[in-house]
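Single-structure report; data block below.
Derivation of every value follows stated rules applied to the coordinates shown; laboratory data play no part. From a predicted model like this one, the values you see are computed outputs, not experimental measurements. We place every Cβ from the backbone using ideal geometry, glycine too, and count neighbours over all the protein chains shown.
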Amino acid sequence: MNMILPQKTPDARVGQIIKLAVMAVGGQGGGVLTGWIEGLARAQGYACQATSVAGVAQRTGATIYYVEMTPASDQQPIFALAPSGGDVDVLIAAEMMEVGRAVMRGFVTPDRTTLIGSTHRALAVSEKTAPGDGIANADEVRAAAEIAAQQLILADMDQLAVGQGSVISASLFGALAGSGALPFGRAAFEDAIRAGGKGVEPSLRAFAAGFEVAQKGGAPAEVAAATPALKLVGPARQMNKWNALVERTFDLPATVQWIAQAGLMKVVDFQDCAYGTAYLDRLDSVIARDTAEQDWELSVTAAKYIAYAMAYDDIIRVADLKTRRPRMYRIHEEMGAQAGNLVELTEFFHPRAEEIASLLPAKMGAAWEANPKRMALLDRLFNKGRRLRTHTLRSFVMLHFLGGLKGYRMKTRRHQVEVAHLEAWLEAALAPLARDYALAVELLKNRRLVKGYSDTHARGLTKFGTVMAAAALLEGREDAAQWMARLREAALQDPEGKALEGAIQTVRSFV
């Protein structure tokens with residue numbers, strides 16, 4: 001006799017699995033946010049599973065947290081361990097480039113995905129190490145997200161949280177609640193935060209800020225506030241000299257005045273008013289060879305890059321910048337230090353033998369640079385990583401003393417080398433002016449390749465020399481200026497110079 005057991009009616013809710021992914025890098029609280037979501041779901045009677053796949057490192061790869069949830073039932077649901085392209089209901093990205101990565105990986109689709117992202121930037125290693133401007137275009141990411149998502153909520157969630165004394169995970173959780181993507185009321189989300197038991201009040205304030213933004217559909221693109229013009233201050237005698245220099249700029253062509261005044265401020269801040277006079281003298285020599293027919297493009301370019309060349313980065317400048325009061329205020333503000341808090345600050349220094357020799361008087365420095373044994377001695381003595389704890393009096397005074405050696409700077413080997421390099425660059429850049437104005441402008445712009453100090457400066461000088469030397473290969477070509485610009489952009493693409501090497505080979509094939 002066969003017995004037929006009654007079949008259980010399937011629970012239709014079991015198939016309603018909500019799939020949510022969080023993409024965050026180290027320090028952004030992705031684990032805390034995932035914990036809140038998981039706790040919320042379970043408290044509301046949902047079966048839930050949370051997993052995570054860590055990236056390679058804190059900023060070379062984001063950790064992907066993945067949550068699946070469904071109403072609890074007698075039937076055991078089968079959850080996936082990782083998100084799949086085209087199968088994500090909610091995607092939360094804790095940084096703008098993570099928004100872009102989510103779109104590129106197919107996690108965001110217009111038929112179902114609510115995309116919640118923060119517009120602030122935490123620059124990737126590849127962006128920081130690019131010799132030129134390696135920062136990715138956030139506007140392009142925003143445009144792609146607008147097309148890819150069914151619902152899009154973008155705002156500076158980091159700033160919203162910081163303004164409330166909390167962290168970004170709280171404002172993102174608030175945006176998730178405000179989006180309506182999950183079938184839970186606001187009070188349930190707030191209870192999940194309270195259940196965490198840590199930093200509850202600041203987190204609830206940040207949650208409220210994120211919730212409000214989501215309810216409004218996302219904040220508009222942030223507009224940077226106008227930065228007040230820089231202003232030099234000092235003793236009356238020095239200010240009289242400065243005002244005389246500013247008045248001198250009024251005699252320059254109108255198109256050149258604004259950039260010349262900015263350059264003047266840069267070099268005077270770097271050294272003194274006498275140095276500013278030398279800057280204007282060099283600029284005058286270029287203007288004398290320029291013409292209004294070209295809208296003074298040569299002079300505008302020279303005003304910018306002569307200032308950069310004269311305000312080079314040496315040990316004295318680095319020490320000066322590191323001990324300035326505004327920097328200390330900025331660090332305290334970024335750390336959130338309150339009155340009475342002790343902030344400990346460590347500066348990392350790794351001087352090379354060349355940098356030590358460059359601080360010596362010009363003739364002595366040249367003699368030491370020409371002597372391999374002496375350079376080897378300097379290398380043994382100084383080429384070691386040093387950590388200066390500048391919140392202590394001894395280390396701060398040492399840096400402050402170095403930064404105050406401006407009066408000695410003009411006598412150093414480094415200054416002698418920089419002046420010679422500057423004069424040679426101007427001569428080479430202006431050489432083709434009579435026959436190719438555009439090429440002369442591009443040769444002036446090549447100074448952009450020289451920046452920083454130590455190894456960064458050395459690599460920049462090598463690339464600069466390579467690009468400037470290519471002018472001989474381009475001699476007489478109608479498109480010489482265009483090719484010079486291409487070579488410079490190639491030099492800015494990677495630290496190793498592989499792109500530049502390929503571009504130079506292309507130019508040589510023309511000969």
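Bridging of LYS216 to lysines at a Cα separation below 26 Å is possible for LYS19, once same-chain residues fewer than 8 apart are set aside. Segment GLU489..LEU473, full-extension length gain: 4.0 nm, with 0.36 nm per residue of separation and the alpha-carbon distance subtracted.
Summary: within the chain, the longest segment free of GluC sites (Glu not before Pro) located in DSSP loops with at most 15 other C-beta atoms within 10 Å is 1-221. Measuring r between the beta carbons of ASP455 and ALA337 and using R0 = 35 Å, the FRET efficiency lands at 0.60.
Report the net charge of residues surrounding LEU245, where surrounding means a beta-carbon distance below 14 angstrom and charges are Lys +1, Arg +1, Asp -1, Glu -1. The answer is -1. Modelled spin-label separation between LYS406 and TYR308, with each label point placed 7 Å from Cα along the Cα-to-Cβ direction: 2.3 nm. Between ALA424 and ARG42, residue separation times 0.36 nm minus the direct Cα-Cα distance comes to 130.3 nm. Scattering from segment 14-215 was approximated by placing one identical point on each alpha carbon and applying the Debye formula without solvent; log10 I(q)/I(0) at 0.08, 0.09, 0.10 1/Å stands at -0.25, -0.31, -0.38. Within a Cβ distance under 11 Å of ALA307, other residues only, what is the Lys/Arg minus Asp/Glu net charge? Counting the neighbours of ALA307, the net charge comes to +3. Label point of LEU433 set 7 angstrom out along Cα-Cβ; within segment 306-347, amide nitrogens under 20 Å from it belong to 306-310. Counted over segment 14-215, the DSSP beta bridges are approximately 55% antiparallel.
Considering only the other residues whose Cβ falls under 13 Å of the Cβ of ARG380, what net charge follows from Lys and Arg at +1 and Asp and Glu at -1?
In short, +3.
In vacuum, with every alpha carbon of segment 230-376 counted as one equal point scatterer, what does the Debye formula give for log10 I(q)/I(0) at q = 0.15, 0.16, 0.17 Å⁻¹? Two decimals, please. Debye curve over Cα of segment 230-376, log10 I(q)/I(0) at q = 0.15, 0.16, 0.17 Å⁻¹: -0.94, -0.99, -1.02.
Could you calculate the FRET efficiency of LEU381 with GLN16 from 1/(1 + (r/R0)^6), where r is the beta carbon distance between them and R0 is 60 Å, rounded to 0.05? Kindly include the intermediate steps, with their values, before the conclusion.
Numbers: r = 71 Å, r/R0 = 1.18.
That pair, LEU381 with GLN16, gives E of 0.25.
Where does the longest stretch of the chain lie that holds no chymotrypsin sites (Phe, Trp or Tyr not before Pro) found in a DSSP loop with 13 or fewer other Cβ atoms within 10 Å? Counting at most 13 other Cβ atoms within 10 Å as exposed, the longest clean stretch of the chain is 251-509.
Our Cα-only numbers for segment 431-511 put the radius of gyration and Dmax at 12.4, 38 Å.
Run the helix sum for the chain: -39,500 (n - 2.57) per DSSP H stretch of 4+ residues, divided by residue count, reported at 222 nm to the nearest 500 deg cm²/dmol.
Result for the chain, helices only: -16000 deg cm²/dmol.
Taking a straight Cα-Cα cut-off under 14 Å and skipping sequence neighbours fewer than 8 places away in the same chain, the aspartates and glutamates within cross-link reach of LYS445 are GLU297, GLU427, GLU489. Of the two radii for the chain, the radius of gyration is 1.08 times the Kirkwood radius, both from the alpha carbons; that is the Rg over Rh value.
With R₀ set to 25 Å, the beta-carbon distance separating ASP284 from GLN482 gives a calculated FRET efficiency near 0.25. Bridging of LYS384 to lysines at a Cα separation below 28 Å is possible for LYS128, LYS322, LYS363, LYS373, LYS406, LYS411, LYS451, LYS463, once same-chain residues fewer than 8 apart are set aside.
Using the alpha-carbon positions of segment 330-402, Rg (one decimal) and Dmax (whole number) come out as 17.1, 52 Å.
Which residues in segment 393-423 have a backbone N closer than 19 Å to a point placed 7 Å from the Cα of ASN371 along the Cα-to-Cβ line? Label zone hits: 412-414.
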